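Enquirer: Here it is: the structure, laid out below.
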Amino acid sequence: MTTGTLPQVDVVIVNWNTRDLLADCIGSLTQLAGERCSLGRVVVVDNASHDDSLTRIKAVKGVDRLPLEIIQNSENRGFAQACNQGARVGRAPYVLFLNPDTRVSPRALDAPVAFFEDPENAQVGICGIEMVDRTGTVSGSFRFPTVRTFFGQMTHLSALLPEVFPPHQMTVDEIRGGKPVDQVIGAFFLVRRSLFTLLDGFDERFFVYFEEVDFAYRAKQKGMLSYYLPGASVYHEGGGSTNVVRARRLFLALRSRLQYIYKHYGPLDAGLLALLTLTLELTARLMLAAGRRSPSAAFETLSAYVQLCRAGLGAVGAKLRPLRTRTNG
């Protein structure tokens, strides 16, 4: 990658047992050949992996040319905290939070950095690009969740009646050509360091999931926009490290969602959604597992909800305390 006086980007990758995915991601970074920016640091924060992820990346061809730094945590500190750890190592004006299950194209950083450098885009604090999965499907942006979208997700009505219950993820047609959006996908989350500092990074009370939604929402409250920029692309495998622990993944997703709800919504809306999570959604998930004749899915669902209750989030969410005294106004 070209160096010199070009604006720099620090790349932060949080790893937990992703082995080959991480190696492929690092390998793609060695192929960066942009002309509009340069790499500051590439920081891999390992959350106490028990595989040989770190050994594998040291064997990646060209890794010796990367400004690579590795942080090894003795315990899994969660995604948000690890992101903050990695970001605070560098000093570049832009920070890219990149999932280990991604592979960037050689010029993936040029367009979004050039977009940030344009004075007309000074109010844009977060930028995302096209995410392409193994089937070639393109995705890139989300709406901020509301009571309606959460209800649609819980009941699957967002798939049946999207006009009434808008899905969380925006369609390709909705974002075609690029536009300001509520939130870009967290797998490629390019942020101005000044915004990261202003918001004091990610809220570390989100162990994993919803930390980027919360970050984008707080950014918007400060008058800073998120922008989906087509043209550049990144391959995204999806799932990554959490694919191997599905019950745990569901538990963490449900817990983070409830935390987000209690942080940003008023008490009535938060209480209603907590009640629906623990009743209607549980029933819907078990019925779906039965319809698919999948005892394993039913077991994983029940296991996740048991973990949720043991974490103190039972009794229709009554034990959940708001993270902050903020409403959804």
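Enquirer: Could you tell me whether residue 192 is surrounded by 17 or more Cβ atoms within 10 Å (Cβ to Cβ) and in contact with a Gly (Cβ under 7 Å, 6 or more places away or on another chain)? Working first, answer last.
Expert: Values: surrounded by 17 or more Cβ atoms within 10 Å (Cβ to Cβ): yes; in contact with a Gly (Cβ under 7 Å, 6 or more places away or on another chain): yes.
When the stated conditions are applied, residue 192 passes them.
Enquirer: Looking at the range 176-195 only, could you name the residues that are assigned to a loop (DSSP other than H, G, I, E, B) and under 9 Å from residue 226 (Cβ atoms)?
Expert: First, pick out the residues of the range 176-195 that are assigned to a loop (DSSP other than H, G, I, E, B): 176-178, 182, 185-187.
The one that is assigned to a loop (DSSP other than H, G, I, E, B) and under 9 Å from residue 226 (Cβ atoms): 182.
Per-residue answers, yes or no, for (1) surrounded by fewer than 22 Cβ atoms within 10 Å (Cβ to Cβ); (2) among the basic types (Lys, Arg); (3) closer than 29 Å to residue 38 by Cα:
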residue: 140; (1), (2), (3): no, no, yes
residue: 148; (1), (2), (3): yes, yes, no
residue: 167; (1), (2), (3): yes, no, no
residue: 183; (1), (2), (3): no, no, yes
residue: 199; (1), (2), (3): yes, no, yes
residue: 212; (1), (2), (3): no, no, yes
residue: 234; (1), (2), (3): no, no, yes
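Enquirer: Sticking with this one: With the structure loaded, tell me whether residue 150 is in contact with a His (Cβ under 9 Å, 6 or more places away or on another chain) and either over 14 Å from residue 97 (Cβ atoms) or in the same structural domain as residue 253 (by TED's automatic domain parsing) (or both) or whether it fails that test.
Expert: yes
Enquirer: Is one or more of the residues making up the range 237-251 in a strand (DSSP E or B), among the small types (Gly, Ala, Ser) and within 22 Å of residue 84 (Cβ to Cβ)?
Expert: For the range 237-251, residues in a strand (DSSP E or B), among the small types (Gly, Ala, Ser) and within 22 Å of residue 84 (Cβ to Cβ): absent.
Enquirer: Please go through the range 144-165 and give me each residue that is over 14 Å from residue 218 (Cα atoms), within 20 Å of the chain's Cα centre (by Cα) and part of a loop (DSSP other than H, G, I, E, B), ordered by number.
Expert: Of everything in the range 144-165, just one residue is over 14 Å from residue 218 (Cα atoms), within 20 Å of the chain's Cα centre (by Cα) and part of a loop (DSSP other than H, G, I, E, B), namely 146.
Enquirer: Out of (1) more than 22 Å from residue 88 (Cα to Cα); (2) assigned by TED's automatic domain parsing to the domain that holds residue 22; (3) over 17 Å from the mean Cα position of the chain (by Cα), what's the single condition that is false for residue 264?
Expert: So the condition that residue 264 fails would be (2).
Enquirer: Considering only residues that are under 20 Å from the mean Cα position of the chain (by Cα), part of a loop (DSSP other than H, G, I, E, B) and surrounded by fewer than 20 Cβ atoms within 10 Å (Cβ to Cβ), which ones fall in the range 106-135?
Expert: Residues satisfying the conditions are 133, 134.
Enquirer: What do you reckon, is residue 87 within 24 Å of residue 215 (Cα to Cα) and surrounded by fewer than 19 Cβ atoms within 10 Å (Cβ to Cβ)?
Expert: For residue 87, the condition - within 24 Å of residue 215 (Cα to Cα) and surrounded by fewer than 19 Cβ atoms within 10 Å (Cβ to Cβ) - is not met.
Enquirer: Considering the range 22-64 alone, what residues qualify as being under 16 Å from residue 106 (Cα atoms), of a type in the set (Ser, Thr, Tyr) and part of a loop (DSSP other than H, G, I, E, B)?
Expert: The one that is under 16 Å from residue 106 (Cα atoms), of a type in the set (Ser, Thr, Tyr) and part of a loop (DSSP other than H, G, I, E, B): 30.
Enquirer: What is the one condition in (1) in contact (Cβ under 8 Å) with a residue 24 or more places away in the chain; (2) assigned to a helix (DSSP H, G or I) that residue 96 does not satisfy?
Expert: Failed condition: (2).
The values are calculated or read from the model by the stated rules, or taken from the named source; none is laboratory data. Given the structure is predicted, the values throughout are model-derived calculations rather than measurements. Backbone-built Cβ (ideal geometry, glycine too); neighbour counts: all protein chains shown.
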